[in-house]
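The values are calculated or read from the model by the stated rules, or taken from the named source; none is laboratory data. Worth saying up front: this structure is predicted, and the values here are computed from it rather than measured. Positions of Cβ are backbone-derived with ideal geometry, glycine not excepted, and every protein chain shown enters the neighbour counts.
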């Protein structure tokens, strides 16, 4: 709390830099770490502490950092980040008060993608880091240096990015957990550069000694190479997993990072690419050919939380004949009347609500007490500093990339101006017509409804950190009113609970058991179930 108060005071301080004072960092890199030339985005991070490197302190509510795009910079040439560079949460270098700080420079390298749609774009190419530029292999950074910064007298400091982030080493396979990575022909053709995805697979007890097939849980969400569902030998989930009367299922997490984000949202998109096709036609067939999985929709369960919750629902709705049920936890906006506070259909500005004469900041996220954590403007400023043209690797940008139309420059056409907040109603209409899940259900209910009976199960806290409960409430209300057929779905609410409701208040074993019961209840008559003998 003391940090927040002091930082609020920092932001209220007037700029004291004079016309004569120069505030600048000169960032370069040597040929020893990259022969260049490079195109990408450069950052300078300024921190009061050095308990961990400043680059690892950047975040939505993290330490101040400043960013600048650059093109064709050779080794030894300098990139100048000065008072004109965008910053967050301090908007410019002149807002950093006089004092001693730990400063670090960073170079986020972009890759040229000659896409199949005839557009050429420069994007961060994921290196199995999940679009975390501060940790992405091949990126460069300087050693953290303690420097005195005085905006009144000015300063010019040299920073040399001579440190190289090494290749990521995947966790070792065990008897329980297997991994593979493969190139997608579909996605490589779209992007014009090799695109990889993969899977991490948790196997049940007896898999090596038996010959039976098992139901599968496709557990979706943000990029991770960790064992599915936090599986760890010796802990409670492992102890339940190996019990004789515990259902034997296979759990799979996808690794599907994109040049825009750490996951694809599992759908086809003009900006991100045909990930829906690639997952259904390449990745899942590869999984189901490598492992003994029951070949039937009733035995394929989708689940995930937040981003993964939206992905689970979207795949169930868009491919209703292939999957047997979606267990979605706190899903991302299932309708776009509330996109982290923004009603894209009614608001004219993504940063402020206009109530007659009164203009009120839009809250982006909150604490369980209701206290605002970030406003929409602050959140989007952070994304803009992280990357222009939607290259931040952050949440609002990936929604725009997945849900939005293609822009003339080959990047997505934004829903709103990241500097002013002005919303483009034509883009909002495109979002609605293509990716608003509630709108999709309403539009296609006659054919879709009969395929969803018993397949929509949603858990959500009514104090969700990102206001996702608002859209879920609207979906629930509409499903309760459905006719021909009437399919109400199952909605479980956490009173006063936040974003992790359902995942935080139930164990992994309990969730697996609920999904196994769902498979049993929906299997064709007479189908044996040796994978779960009572």
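Taking the stated definitions as given, is residue 128 under 30 Å from residue 238 (Cβ atoms), surrounded by 17 or more Cβ atoms within 10 Å (Cβ to Cβ) and in contact (Cβ under 8 Å) with a residue 40 or more places away in the chain? Considered against the rule, which asks whether it is under 30 Å from residue 238 (Cβ atoms), surrounded by 17 or more Cβ atoms within 10 Å (Cβ to Cβ) and in contact (Cβ under 8 Å) with a residue 40 or more places away in the chain, residue 128 comes out as yes.
To keep it simple, each residue is scored yes or no on (1) within 30 Å of residue 506 (Cα to Cα); (2) without any contact (Cβ under 8 Å) to a residue 40 or more places away in the chain; (3) touching a helix residue (DSSP H, G or I) at 6+ places or on another chain (Cβ under 9 Å).
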{"residue": "322", "(1), (2), (3)": "yes, no, yes"}
{"residue": "337", "(1), (2), (3)": "yes, no, yes"}
{"residue": "355", "(1), (2), (3)": "no, yes, no"}
{"residue": "403", "(1), (2), (3)": "no, no, yes"}
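Here residue 154 passes the criteria (1) surrounded by 15 or more Cβ atoms within 10 Å (Cβ to Cβ); (2) closer than 30 Å to residue 113 by Cβ; (3) not assigned by TED's automatic domain parsing to the domain that holds residue 287 except the one numbered (2). For residue 446, are the conditions met, namely being assigned to a helix (DSSP H, G or I), exposed (fewer than 13 other Cβ atoms within 10 Å of the Cβ), out of contact with any strand residue (DSSP E or B) (no Cβ under 8 Å at 6 or more places or on another chain) and without any contact (Cβ under 8 Å) to a residue 12 or more places away in the chain? When the stated conditions are applied, residue 446 does not pass them. Per the listing 129, 117, the residue uniquely in contact with a helix residue (DSSP H, G or I) (Cβ under 6 Å, 6 or more places away or on another chain) and in a loop (DSSP other than H, G, I, E, B) is 129.
Taking the stretch 62-103 as the region of interest, the strands (runs of 3 or more DSSP E) fully inside it that hold 3 or more residues being under 20 Å from residue 145 (Cα atoms) and in contact with a strand residue (DSSP E or B) (Cβ under 7 Å, 6 or more places away or on another chain) are 65-73, 79-82. If the condition is being over 24 Å from the mean Cα position of the chain (by Cα) and without any contact (Cβ under 8 Å) to a residue 60 or more places away in the chain, then the stretch 339-353 contributes 346, 353. When each of 300, 230, 205, 290 is tested for being surrounded by fewer than 21 Cβ atoms within 10 Å (Cβ to Cβ) and either touching a strand residue (DSSP E or B) at 6+ places or on another chain (Cβ under 9 Å) or closer than 27 Å to residue 339 by Cα (or both), the lone residue that passes is 290. Taking the listed residues 435, 459, 430, 467, the one that is closer than 30 Å to residue 392 by Cα and in contact with a strand residue (DSSP E or B) (Cβ under 7 Å, 6 or more places away or on another chain) is 459, with no other qualifying.
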